[in-house]
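Worksheet: one structure, shown below.
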Amino acid sequence: MAESLLREQRDVTAVFCMNDKMAGGVYDYLHERGIRVGEDISVAGFDNQIFAAYCSPPITTMAIDLYEIGARGAQILIEKLQASEGEKKEPVLEEKIPGRLIERGSVKRIAQ
């Protein structure tokens, strides 16, 4: 997909990936073409995998708290299962668990 994106969009300054493994794939594609991550183009991942800190340059990413996401999901499910018919609550449509931006060398600032 990196090839398609960069071929069709000439003015791409950054690629945001769904996870750090995909960002690693974008790194490979860019490296093969002599495009420097963090200098010629920015790349960001999502999920803060351990290897992201060891890439060159390290991948800027979002850290997500998988433990908290799972614990909160289980808590909601248990509450639903334990509620009696008269206690039925409105369904949980959205639950926010904050992430944390991990700024590393794969993203550069561009002049405004």
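Structure notes:
- Residue list for the range 29-49, filter: within 15 Å of CYS17 (Cα to Cα) and not charged (D, E, K, R): TYR29, LEU30, VAL37, GLY38, ILE41, SER42, VAL43, ALA44, GLY45, PHE46, ASN48, GLN49
- Restricting attention to the range 72-110, the residues that are surrounded by 12 or more Cβ atoms within 10 Å (Cβ to Cβ) and of a type in the set (Gly, Ala, Ser) total 4.
- In the range 59-86, the residues that are over 26 Å from LEU101 (Cα atoms) form Cβ pairs under 6 Å with partners that are surrounded by 12 or more Cβ atoms within 10 Å (Cβ to Cβ) and of a type outside the set (Lys, Arg), at six or more places apart or across chains, as follows: ILE76/VAL92.
- Selected residue [of a type in the set (Gly, Ala, Ser), surrounded by fewer than 18 Cβ atoms within 10 Å (Cβ to Cβ) and modelled with pLDDT of 95 or more] from ALA44, ALA53: ALA53
- Residues in the range 1-21 that are acidic (Asp, Glu) and surrounded by fewer than 15 Cβ atoms within 10 Å (Cβ to Cβ): GLU3, GLU8, ASP11.
The values are calculated or read from the model by the stated rules, or taken from the named source; none is laboratory data. Every value quoted in this text rests on a predicted model; they were computed, and no experiment measured them. Methodologically, a virtual Cβ is constructed for each residue, glycine included, from the backbone with ideal geometry; neighbour enumeration extends over all protein chains shown.
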